[in-house]
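Beneath this line is the structure, given in C-alpha cells, with notes to follow.
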Amino acid sequence: MTRINFTFMNQDNIPINVQKWIPETDIKGVVQIAHGMSERAIRYDYFARALMKEGFVVYANDHRGHGESAASIDELGYISDNDGFHDMVEDMKQLTDIIKEENLNKKVILFGHSMGSFLAQRYIQLYGNELSGVILSGTNGKQKPIVNFGITLTKLMIAFKGRKTDGTLVDKLAFGSYNNRFKPNSTKFDWLSRDKEQVQKYIDDPYCGNVFPVSFFHDLFIGTKVIHKKENLEKIPKDLPIYIFAGDSDPVGNYGRGIVDLDNTYKSFNINNVTYKLYAGGRHEMLNEINRDEVILDTINWLKNICP
C-alpha cells in the first residue's frame, strides 16, 4: 500500500496539496475526503489506510488556507478575497475531475467532516451527479437564527477592518461553549474526542486549532444558510445515497438533534436513500474517538453496498 503527495493548481493559481492512498489490490472505488476547519488531510491517514485495505483509492486535499495549501503558517485560515466557502467547493470539484481522469469508470464517494461536511452539502447541490454517494461526518442541519447575528457582526468587522482582521472574538462566540458539557476540562479541545492522546495530537499539530480571520467565519456562516435554501435542496439528486454519522455528544450537531433534523430535511425533499447513525457518548471527531474502529467498520460496510 502506498501514500503519495501531489499538488494541482486551482482556478486562482493556488497550489492545492493532496494526499493519495493507493491500494495494491483491485480497486473497488474512490473516496474523496474533505477535512474540517483548522486541520489538514494527513490527519485522515488511519482512516484512509483502513479504506485502502478494502480496495479503495483515497484522495484528500488540504483546503485552501489550510495545511500545506496555505501560503504560510501565518496565513492559515485566510481562504479567499471573495467567497471562501464557494471557492473551497470549487477546489473539491477540480479534485473530483482529476480523480475521474485517474480512475476511469470507478465510482466516487465524497466524505466530508465538520466544515468539510457543510462543503459537501453544497457540493451535492451543485455536482451531485458526479458522485455515487456522500458521507457526512460531524455535521449539522439547519442553523439556528443566531447565525444571522454572526453574519451581521462579521460583515461590520470586515467593513471597518478588512477580511484579514483577527477573528478571536467570533471564534469565542462560535465555539466558546463547546467544552461546557465536558467539565472539568483538560484542554480547550476536549469536545473533539474522549481519546486524550488524539486531542493532544491535534493540539501539538501547528496546522490545527488556529484562530481564523473574520472573513472565514463570514463566508462559512453564509454558506451554512445557502445549503438550506429550498431551491438548493431541490437540486440534490433524489437517488444519491447519503450516510450521516456523528456522536450524540457532538456540540456541532447539537448533540444529535441536528443529525436527525438533516435526515428529516433530506427525506422531505424525496431523497430516497438517506441513513444516519449516532454513537452514544461520541464527541465531534468520531474517526479519532475511542471506538473509531467500530465507526470505520460501519463506514466501510456502507461503502461496500455502494461499491460491491
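Before moving on, here are some points about what is shown:
- Test: residue in segment 278-286 that is of a type in the set (Ser, Thr, Tyr) and more than 16 Å from residue 142 (Cβ to Cβ): yes
- Test for residue 264: is it within 19 Å of residue 131 (Cα to Cα) and surrounded by fewer than 16 Cβ atoms within 10 Å (Cβ to Cβ): no
- Condition met for residue 116 (touching a residue at least 60 places away in the same chain (Cβ under 8 Å), closer than 17 Å to residue 221 by Cα, of a type in the set (Gly, Ala, Ser) and not in a loop (DSSP other than H, G, I, E, B)): yes
- Being basic (Lys, Arg) and either under 16 Å from residue 123 (Cβ atoms) or in a loop (DSSP other than H, G, I, E, B) (or both) is a description that does not apply to residue 267.
- Filtered residues of segment 254-300 (kept if basic (Lys, Arg) and in contact with a helix residue (DSSP H, G or I) (Cβ under 9 Å, 6 or more places away or on another chain)): 277, 283, 292
- Selected residue (only one of 73, 16 is in contact with a strand residue (DSSP E or B) (Cβ under 6 Å, 6 or more places away or on another chain) and either of a type in the set (A, V, I, L, M) or within 22 Å of residue 201 (Cα to Cα) (or both)): 16
- Taking the criterion of being in a helix (DSSP H, G or I) and either among the small types (Gly, Ala, Ser) or buried (at least 18 other Cβ atoms within 10 Å of the Cβ) (or both), the residues of segment 216-228 that qualify are 216, 217, 218, 219, 220, 221, 222, 223, 224.
- Of the criteria (1) out of contact with any strand residue (DSSP E or B) (no Cβ under 9 Å at 6 or more places or on another chain); (2) under 25 Å from residue 13 (Cα atoms), which one residue 129 fails: (2)
- Pair list, Cβ < 8 Å and 6+ apart or interchain, from segment 203-228 residues that are within 23 Å of residue 144 (Cα to Cα) to residues that are hydrophobic (A, V, I, L, M, F, W, C) and outside any helix (DSSP H, G or I): 212/37; 212/76; 215/79; 216/37; 216/79; 219/79; 220/37
- Single unsatisfied condition, residue 74 versus (1) surrounded by 23 or more Cβ atoms within 10 Å (Cβ to Cβ); (2) within 28 Å of residue 167 (Cα to Cα): (1)
- Residue in segment 81-99 that is of a type in the set (Phe, Trp, Tyr) and more than 16 Å from the chain's Cα centre (by Cα) present: no
- Among the residues listed as 245, 216, 269, the single one being modelled with pLDDT of 95 or more, farther than 19 Å from residue 36 by Cα and of a type outside the set (Ser, Thr, Tyr): 269
- Positions within segment 80-91 being touching a Ser or Thr at 6+ places or on another chain (Cβ under 7 Å) and either surrounded by 22 or more Cβ atoms within 10 Å (Cβ to Cβ) or free of Cβ contacts under 8 Å to residues at least 24 places away in the same chain (or both), in sequence order: 84
- Residue pairs whose Cβ atoms lie under 8 Å apart, separated by 6 or more positions or on different chains, with the first residue in segment 159-180 and touching a residue at least 12 places away in the same chain (Cβ under 8 Å) and of a type in the set (Asp, Glu) and the second crowded, with 18+ Cβ neighbours inside 10 Å and in a helix (DSSP H, G or I), are 166/214; 171/217.
- Yes/no for residue 282 being under 21 Å from residue 197 (Cβ atoms) and assigned to a loop (DSSP other than H, G, I, E, B): yes
The values are calculated or read from the model by the stated rules, or taken from the named source; none is laboratory data. The structure displayed is predicted, hence computed values, not measured ones. Virtual Cβ from ideal backbone geometry, glycine too; neighbours counted across all protein chains shown.
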